[in-house]
Amino acid sequence: MTSSGTSPGGLPGSAAWELLLPAAAAPARARGRSLQEALREAVRSGLLASGTRLPSSRDLAADLGVSRGLVTEAYEQLTAEGYLRSGRGAGTWVGGAARAARPRARDLAPRSPGARADFLPGTPDLSLFPRAAWAAAQRAVLAELPHHALGYPDPRGLPRLRTALAELLARRRGVVADPERLMVVSGVAQATTLLGHVLHARGMRHMGVEDPGSPEHGSLYASAGLDAVPLSLDEEGLGLDALRASGVRAVTTTPAHQFPSGIAYSAGRRAGLLDWARSADGLVIEDDYDGEFRYDRAPVGALQGLDPERVAYTGSVSKSLAPGLRLGWLLVPESLAEEVVERKRTMDLGHPALDQELFARFVERGDYDRHLRRCQRAYRERRDALVAALAEHFPGAGVSGIAAGLHVIAALPERYGPQDRFLERTAAAGIAVRPLTDFGHARVPDEGVQGGGVRLVLGYAQSSPARIGAGIRLMAEALAP
């Protein structure tokens, strides 16, 4: 290496030079390919900058101890790809087409890093995932699956899984589940987007959504060209007067356990919602996001069971197993089925076949039911721990929405407000919480919270009873004078 930083033969930079040495030492049959990849990486990473002149093929071959033909072939290949450029009698240079690759891949998964206590709603306890049963099902599927099953699947999903899901949903959620109108999707988000695109193609431009409700609904429908129209709730569910006055012909609801308020739509409101759909030639989209978890009363059956031609029903395993599986289902009225299937086909050509076979076996053998029973016991215990901790550390707090689901609404007395101050102090103490105002499509300012107090949406599924108790104690300590 010379004092100017140029390597033997004129290759600039010691790092770039060293990058080629392992390629030169590769086995003879792989040496040419290794040299080409090493040169590509040097250009991509910026070690060989645009405009840099490379040594002649003769000099570089001599320095690396390889044949000149190997270097010539590498230069020609990378020139053809655009990494290098050359001219007759002008030598070989690094071209300007390549740009340095990003040094690392970022992880944009939603998390609350470093939180001492996590009460964010919407996440199950991922440590309860049934790894042993899942692995056994995976081994069995891989051993039994015929080769042809690895081809492109039916865009609706594998018949085996659609049949298993239809039986499961009819038994557990009271839906009218025709496997021919049931589609396997990558979660409620895809189901929502599919329906949005089909309704937009039919001329719809607006979608009614609950307010407060899931913040995701608005952005998902916006991606399909629909504007979300917030519709207010009362103690029985979605307000029918607001729905009729809005002029929408489709509305997304969570009637079994409204998110985030936790109410179950009354029988009268469910009937009124269906009456609206029939009179307006409308569609109700039912998001049964946590329909499996009921603690103090019998489960409320799905709305779809009352009128499968006016209700599109969707759910997933995101709360019951893990959101990372990206596995859900969509039942559509017959009038929409063909268009939704075609949109699914053009969107992704179908859900992964191995995942479908695995989940079908998991359901058929009763493993899914056993897992749900295990989760039900664990989450009931955690709910009770949260209610008890709030009563101990926040006297006078009101708690609602506790009969089902994975979160509660906690209304703290006025002395714990105002809300902005509360959130600042809990965040500084490392406690992750979300106020109810976060879930309004038109965000409610702090002064809109009744009495100047604080209303929180507290998730409890992801933490043990001991951690729940400790977290609520930390919250109280953070607010102490």
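The values are calculated or read from the model by the stated rules, or taken from the named source; none is laboratory data. Computed from a prediction, not measured in an experiment: that's the story for all the values here. Heads up, the Cβs are rebuilt from the backbone with ideal geometry, glycines too, and the neighbour counts pull from every protein chain shown. With ligands, DNA and RNA removed, areas are computed over all heavy atoms of the protein, side chains included. Shrake-Rupley method; radii C 1.70, N 1.55, O 1.52, S 1.80 Å.
Taking Cα atoms only, the orientation of helix 367-393 departs from the longest principal axis of the chain by about 70 degrees. Computed from Cα atoms, the angle from the helix 131-144 axis to the main principal axis of the chain rounds to 60 degrees. Only Cα pairs under 8 Å and 6+ residues apart enter the sum, and on that basis the relative contact order of the chain stands at 17 percent.
For n ≥ 4 DSSP H runs only, could you compute -39500 (n - 2.57) per run for the chain, divide by its residues and tell me the 222 nm figure to the nearest 500? That calculation yields -13500 deg cm²/dmol at 222 nm. Applying a DSSP loop filter and a limit of 10 other Cβ atoms within 10 Å to the chymotrypsin sites (Phe, Trp or Tyr not before Pro) in the stretch 215-280 leaves nothing. Using the 1.4 Å probe convention, the accessible area of the chain works out to 46 Å² per residue with neighbouring protein chains retained. Taking Cα atoms only, the orientation of helix 14-24 departs from the longest principal axis of the chain by about 80 degrees. Counting only DSSP beta bridges with both residues in the stretch 253-342, the antiparallel share comes to about 45 percent. The amide H of Val209, built 1.01 Å from its N in the peptide plane, has Val229, Leu231, Thr252 as neighbours under 5 Å, considering only residues 5 or more places off or on other chains.
What a 1.4 Å probe finds exposed on the stretch 28-167 is 51% carbon and sulfur by accessible area, rounded to a whole percent. Counting only protein heavy atoms and a probe of 1.4 Å, the accessible surface of the stretch 196-320 is 51% carbon and sulfur.
Projecting the Cα atoms of His371, Val332, Ala385 onto the charge dipole of the stretch 267-390, computed from C-beta unit charges around the Cα centre, puts Ala385 farthest toward the positive end.
Which label belongs to the value computed from this structure, given these candidates for log10 I(q)/I(0) by the Debye sum over Cα atoms at q = 0.07, 0.12 Å⁻¹: [x] -0.33, -0.97; [y] -0.54, -1.14; [z] -0.54, -1.01? After the calculation, the listed value that fits is [z].
DSSP assigns beta bridges within the chain; of those with both partners inside it, close to 60 percent run antiparallel.
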